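Each remark here refers to the structure printed beneath this line.
The values are calculated or read from the model by the stated rules, or taken from the named source; none is laboratory data. Here the structure is a predicted model, which is why all the values come from computation and not from measurement. All Cβ positions, glycine included, derive from the backbone under ideal geometry; neighbour counts span all protein chains shown. Ligands, DNA and RNA are excluded from the accessible area calculation, which covers all protein heavy atoms including side chains. Shrake-Rupley method; radii C 1.70, N 1.55, O 1.52, S 1.80 Å.
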Amino acid sequence: MAAQFFNRIGQMGLGVAIVGGVVNSALYNVDGGHRAVIFDRFTGIKEHVVGEGTHFFIPWVQRPIIYDIRSQPRNVPVITGSKDLQNVNITLRILYRPIPEELPKIYTILGQDYDERVLPSIAPEVLKAVVAQFDAGELITQREMVSQRVSQELTARAKQFGFILDDISLTHLTFGREFTLAVEMKQVAQQEAEKARFVVEKAEQQKLASIISAEGDAEAAHLLAKSFGEAGDGLVELRRIEAAEDIAYQLSRSRGVAYLPSGQSTLLSLPSNVAQ
């Protein structure tokens, strides 16, 4: 009796385990920020896009394909030419994500690696077309305008394939070695020209100062000559007295100078026998 009871419990447990395994194999999860499309072996890709959560599918007959619909970054390096035929190296940084409603179409046409198939193709094409409208100088001075044009045209192209570009920016912009050397030489030439202009202006200022100084000296000489003509020898005598006063004042400040009365011998203070 007990053996039959335990035998039935074992059979029921086995049945529950089998049913649980079948049910578990028919469940799949769609995480946050993801969407799923269902591939059916008999009808193909279903148009309905499955949202987040846990869902049922028919094992072997159906298969869920999960897509990440969050923004993802990608760098696209491009080598192209400007309007004035200069080589330009540009790196384009793109934030992209698929349009959820377009996922069945994306899987049918492009597959799960849609970004690897589309972005390396349309990004260089659009970037080359836009850069060719600007010369090298304009690419530097009008970089924001270049970025806006690339963004507008690339967004329109990406929308045709079923995904959105949230942000497009030019993160790297360099030119060929020849152009870089030419720019450096131009800068050096401009600096030399500025230096030469400064030297010329300085020489002109010095010339002007010399002319003004010479004119002042001539005017002073003219005034002196005029004063001599009017005052005669009196002005000369006055200048001589002023010069003598200045010399006497300078000598009085010197410790090595002694004053003696006029008409006396320099040996005045010495004994007579020494003087003889």
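Label points 7 Å out from Cα along the Cβ direction at K105 and A196: separation in nm?
6.4
With a Förster radius of 45 Å, plug the Cβ-Cβ distance of I140 and H48 into 1/(1 + (r/R0)^6) and report the FRET value to the nearest 0.05.
0.35
Could I have the simple spin-label model distance between E116 and A26, label points 7 Å from Cα toward Cβ, reported in nm to one decimal?
Label-label distance for E116 and A26, simple model: 3.5 nm.
Spelling out what I want: for every residue of the range 69-83, take phi, set θ = phi - 60°, compute 6.51 cos²θ - 1.76 cosθ + 1.60 (Karplus), and round to whole Hz; glycine and proline get x.
Each residue of the range 69-83 in turn: 9, 7, 5, 10, x, 7, 9, 10, x, 9, 10, 9, x, 8, 4 Hz.
Do any of K128/K195; K128/K159; K105/K128 go past 31 Å between their Cα atoms, and which?
Listed pairs above 31 Å: K128/K195.
What FRET efficiency, computed as 1/(1 + (r/R0)^6) with R0 = 41 Å and r the Cβ-Cβ distance, is obtained for Q205 and D246, rounded to the nearest 0.05?
Working: r = 35 Å, r/R0 = 0.84.
FRET efficiency, Q205 to D246: 0.75.
How big is the accessible area of D167 in square angstrom, nearest 10, if you roll a 1.4 angstrom probe over the protein chains?
70
Can you give the net charge of the other residues whose Cβ lies under 14 Å from the Cβ of R149, counting K and R as +1 and D and E as -1?
Combined, the nearby Lys, Arg, Asp and Glu give 0.
Full extension from I66 to S147: what is 0.36 nm times the residue separation minus their Cα-Cα distance, to one decimal in nm?
Fully extending the segment from I66 to S147 adds 25.9 nm.
Return the FRET efficiency for the residue pair R253, E215: r is the Cβ-Cβ distance, R0 is 45 Å, and the value is rounded to the nearest 0.05.
E between R253 and E215, to the nearest 0.05, is 0.75.
Given contacts defined as C-alpha pairs under 8 Å and at least six residues apart, what's the relative contact order of the range 22-68, whole-number percent?
47 percent.
So, counting K/R as plus one and D/E as minus one, what does the shell of residues with Cβ under 13 Å around G51 add up to?
-2
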